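S.K.: My questions will all concern the structure given below.
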Amino acid sequence: ARAGSGDFERLMFYCLQAAEEEFNEEYHTEEKAEEDANAFYKAGQGRWGTDEGQIFKILVNSPPEYLKMVDAKYVEKYGYSLWRAMEKELRGYAEKAAVFTFGMKIKPAETVAKLIKSTCAGIGTDELELSCAVVRYQRLLPEVTQAYEELLGGKTLEKRIKGETS
């Protein structure tokens with residue numbers, strides 16, 4: 001299958017529209033967060049088959065502050081996070097891209113730390129992906145460095161990168 005097929009292509013389409021709303025506390029209320037948490041559930045776990053388009057729309061259009069509210073309402077009502085719900089409902093590139101998008105909105109430093117860790121995992125480092133991540137997320141590196149050390153129990157990002165690229 002092509003990388004741009006099916007659900008992954010649909011998620012890319014939503015992302016390319018760059019339709020993330022600006023947070024507005026009068027519009028992005030607790031009540032709306034509960035409505036969107038319910039809509040997210042009904043698009044996935046609450047139906048036969050998954051309405052990926054509805055999931056992607058909520059994910060991509062929601063500003064980070066609001067997506068945190070939706071996630072909290074989802075956890076409160078359904079017992080697990082939107083992150084876990086996407087892992088259950090999506091597959092392949094669509095799952096990876098949706099979970100990454102969610103992570104970059106909710107916990108960007110931790111998400112980049114996990115990305116960097118994955119580029120160094122297994123036999124051989126994906127040096128292109130590693131260098132792209134470091135360059136692309138340079139503004140986040142102070143936070144990523146701390147998140148990386150927490151993720152790996154004290155191993156520093158600097159030592160890891162030096163060890164992987166030497």
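S.K.: At least 2 residues that are at negative phi, among the hydroxyl-bearing types (Ser, Thr, Tyr) and modelled with pLDDT of 90 or more in each: list the helices (runs of 4 or more DSSP H) lying fully within region 97-166 that qualify.
M.R.: Result: 108-120, 141-151.
S.K.: Return yes when residue 1 is open to solvent by 60 Å² or more (accessible area, probe 1.4 Å), aliphatic (A, V, I, L, M), farther than 22 Å from residue 111 by Cα and modelled with pLDDT under 95 and no when it is not.
M.R.: So residue 1 fits the description; yes.
S.K.: Follow-up question, since we're still on this one. Taking only pairs six or more apart or across chains, which ones have beta-carbon atoms under 9 Å, a first residue in region 1-24 that is over 22 Å from residue 87 (Cα atoms), and a second residue that is modelled with pLDDT of 90 or more and exposed (fewer than 11 other Cβ atoms within 10 Å of the Cβ)?
M.R.: 21/27
S.K.: May I pose another question? Please enumerate the residues belonging to region 102-120 that are open to solvent by 30 Å² or more (accessible area, probe 1.4 Å) and of a type in the set (Ser, Thr, Tyr).
M.R.: Answer for region 102-120, where residues must be open to solvent by 30 Å² or more (accessible area, probe 1.4 Å) and of a type in the set (Ser, Thr, Tyr): just 118.
S.K.: Please find, among 34, 95, the residue that is more than 29 Å from residue 140 (Cα to Cα) and either surrounded by 15 or more Cβ atoms within 10 Å (Cβ to Cβ) or in contact with a helix residue (DSSP H, G or I) (Cβ under 6 Å, 6 or more places away or on another chain) (or both).
M.R.: 34
S.K.: For region 35-92, give me the residue count where each residue is modelled with pLDDT of 95 or more, over 20 Å from residue 104 (Cβ atoms) and of a type in the set (Asp, Glu).
M.R.: 2
The values are calculated or read from the model by the stated rules, or taken from the named source; none is laboratory data. Note that the coordinates shown come from a computational prediction; the quantities given were computed from them, not determined experimentally. Note that each Cβ is placed from the backbone with ideal geometry, even for glycine, and that neighbours are counted across all protein chains shown. Protein only, heavy atoms only, side chains kept; ligands, DNA and RNA dropped before computing areas. Shrake-Rupley method; radii C 1.70, N 1.55, O 1.52, S 1.80 Å.
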